[in-house]
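Participant: Before I ask anything, let me first share the structure, which is written out below as structure tokens.
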Amino acid sequence: MKPESLQLYDTASLYFRAFFGLPSSLRALDGQPVNAVRGLLDFLARFITEYRPTHAAACWDNAWRPAWRVELVPSYKAHRVLAGDVEVVPDELSRQVPYIRAALDALGIAVVGADDHEADDVIGTLASTASVPVDVITGDRDLFQLIDDDRQVRVLSVVKGVRNHERVTDEVLRQRYGIDGAGYADFATLRGDASDGLPGVAGIGEKTAARLIADHGDLEGVLAAASAKRLSPALTNRLTAGIDYLAGAREVVRVKRDLPLGVSLDDLRLPGAPAQPEVFAELAELLNLGGAADRIVAALAVNA
């Protein structure tokens, strides 16, 4: 019997990558684009085949910009917003999301979300409560905060592409930044992330943020060092000027780890074949999924 393990997919991160990485000429029978659907299924097939997980969850953004995060930092993802607080998403991608959900349901791959929370928070909860090794598959470096070599939680980062994905562990983080997963959220809070509308502390870049966390352990330690005048006057002034931002941003950056998701590890077991084979076959024909459908079915069968 093979060892149990869990794959957690940052679903939107993956289907956005599929949409922008594959040609829009991939079309369903009715002419609608299906590049995101086909690409996502191929991504899942690749990771299932290569790593042979026993369990998996497609983690979902029930709220892509939760109100409670915006209340803490109003600029959070603000640059991605249209009127009515709707995310800027190409129409050709938006039309594919229901098909993605339908395909996952027909395959029997668990889709897990939580009201007023992002997929990151679902991933954080499942990764933090799992009793088996976990691989988080994402293009979002903020999820590096979940990495924990002792608990066998790592990130399979697709920042450089799915084919060239990187296995990110505490050791990798220590080599890159001088910190491990436990310090990553505070490091990211100090540094900021323009892609999420988080400015960071003015005048503190990546190298300085990493050094501060490496030297003082966490954000509380950094602020205590500033208060005790153990930092340079310039750094102390920058941290003091950013204190209001830091108070809210830290909670925004940190993913939730204790959401009541109502699922157990058993609920996330990967099937050896589509849960609804006729439904999936109809979808595959309707969407002209071709080899992508064959590959995900084969991946499930090999993994059974």
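The values are calculated or read from the model by the stated rules, or taken from the named source; none is laboratory data. A quick note: this is a predicted structure, and the numbers were derived from the prediction, not measured. Don't worry about glycine lacking a Cβ; one is built from the backbone with ideal geometry, like all the others, and counts go over all protein chains shown.
Participant: For the subset of region 183-201 comprising residues that are among the hydrophobic types (A, V, I, L, M, F, W, C) and touching a Lys or Arg at 6+ places or on another chain (Cβ under 6 Å), which member is farthest from A78 (Cα to Cα)?
Facilitator: This residue is A185.
Participant: Counting just the residues of region 130-166 that are under 14 Å from the mean Cα position of the chain (by Cα) and of a type in the set (K, R), which one comes out surrounded by the most Cβ atoms within 10 Å (Cβ to Cβ)?
Facilitator: R154
Participant: Is there a residue in region 147-167 that is touching a Pro at 6+ places or on another chain (Cβ under 6 Å) and assigned by TED's automatic domain parsing to the domain that holds L289?
Facilitator: yes
Participant: Residue under question is L283, and the condition is that it be in contact (Cβ under 8 Å) with a residue 40 or more places away in the chain, part of a helix (DSSP H, G or I) and closer than 30 Å to Q32 by Cβ; does it hold?
Facilitator: Yes: the conditions hold for L283.
Participant: Answer with yes or no whether L289 is surrounded by 14 or more Cβ atoms within 10 Å (Cβ to Cβ), hydrophobic (A, V, I, L, M, F, W, C) and part of a loop (DSSP other than H, G, I, E, B).
Facilitator: yes
Participant: Kindly evaluate V222 against the criterion of being crowded, with 17+ Cβ neighbours inside 10 Å, hydrophobic (A, V, I, L, M, F, W, C) and either assigned to a strand (DSSP E or B) or touching a residue at least 40 places away in the same chain (Cβ under 8 Å) (or both).
Facilitator: Against the criterion (crowded, with 17+ Cβ neighbours inside 10 Å, hydrophobic (A, V, I, L, M, F, W, C) and either assigned to a strand (DSSP E or B) or touching a residue at least 40 places away in the same chain (Cβ under 8 Å) (or both)), V222 does not qualify.
Participant: Would you check if there is a residue in region 101-110 being in contact with a Lys or Arg (Cβ under 8 Å, 6 or more places away or on another chain), on the phi < 0 side of the Ramachandran plot and modelled with pLDDT of 95 or more?
Facilitator: No, there is no match, as no residue in region 101-110 is in contact with a Lys or Arg (Cβ under 8 Å, 6 or more places away or on another chain), on the phi < 0 side of the Ramachandran plot and modelled with pLDDT of 95 or more.
Participant: If a residue has to be surrounded by 13 or more Cβ atoms within 10 Å (Cβ to Cβ), at pLDDT 95 or above and not in a helix (DSSP H, G or I) to count, how many in region 231-262 make the cut?
Facilitator: Counting residues in region 231-262 that are surrounded by 13 or more Cβ atoms within 10 Å (Cβ to Cβ), at pLDDT 95 or above and not in a helix (DSSP H, G or I) gives 6.
Participant: Looking at R211, R176, which is the one that is surrounded by fewer than 21 Cβ atoms within 10 Å (Cβ to Cβ), assigned to a helix (DSSP H, G or I), touching a residue at least 12 places away in the same chain (Cβ under 8 Å) and not polar (S, T, N, Q)? Break it down stepwise before answering.
Facilitator: Values: R176 fails: touching a residue at least 12 places away in the same chain (Cβ under 8 Å).
Going through R211, R176 in turn, the sole match is R211.
Participant: When you scan region 26-137 for helices (runs of 4 or more DSSP H) that lie fully inside it, which ones turn up with 1 or more residues that are in contact (Cβ under 8 Å) with a residue 60 or more places away in the chain, in contact with a Cys (Cβ under 9 Å, 6 or more places away or on another chain) and of a type in the set (S, T, Y)?
Facilitator: none
Participant: Would you confirm, using the coordinates I've provided, whether A273 is outside the structural domain of D30 (by TED's automatic domain parsing), exposed (fewer than 14 other Cβ atoms within 10 Å of the Cβ) and small (G, A, S)?
Facilitator: no
Participant: Suppose we keep only residues that are β-branched (V, I, T) and part of a loop (DSSP other than H, G, I, E, B) within region 138-162. Which one would you say is farthest from F47 (Cα to Cα)?
Facilitator: I147
Participant: Does L283 satisfy the criteria of being surrounded by 19 or more Cβ atoms within 10 Å (Cβ to Cβ), over 23 Å from the mean Cα position of the chain (by Cα), modelled with pLDDT of 95 or more and not assigned by TED's automatic domain parsing to the domain that holds A114?
Facilitator: On the way: surrounded by 19 or more Cβ atoms within 10 Å (Cβ to Cβ): yes; over 23 Å from the mean Cα position of the chain (by Cα): yes; modelled with pLDDT of 95 or more: yes; not assigned by TED's automatic domain parsing to the domain that holds A114: no.
Considered against the rule, which asks whether it is surrounded by 19 or more Cβ atoms within 10 Å (Cβ to Cβ), over 23 Å from the mean Cα position of the chain (by Cα), modelled with pLDDT of 95 or more and not assigned by TED's automatic domain parsing to the domain that holds A114, L283 comes out as no.
Participant: Looking only at region 65-87, decide whether some residue is exposed (fewer than 14 other Cβ atoms within 10 Å of the Cβ), touching a Phe, Trp or Tyr at 6+ places or on another chain (Cβ under 9 Å) and either β-branched (V, I, T) or at pLDDT below 95 (or both).
Facilitator: yes
Participant: Follow-up. Checking R167 against (1) farther than 30 Å from Y15 by Cβ; (2) in contact with an Asp or Glu (Cβ under 9 Å, 6 or more places away or on another chain), only one condition comes out false. Which one?
Facilitator: Of everything listed in (1) farther than 30 Å from Y15 by Cβ; (2) in contact with an Asp or Glu (Cβ under 9 Å, 6 or more places away or on another chain), R167 misses just condition (1).
Participant: While we're looking at this one, here's another question. Conditions first: (1) surrounded by fewer than 21 Cβ atoms within 10 Å (Cβ to Cβ); (2) under 17 Å from S157 (Cβ atoms); (3) of a type in the set (S, T, Y). Y15 passes all but one, so which condition is the exception?
Facilitator: If we test Y15 against (1) surrounded by fewer than 21 Cβ atoms within 10 Å (Cβ to Cβ); (2) under 17 Å from S157 (Cβ atoms); (3) of a type in the set (S, T, Y), just (1) comes out false.
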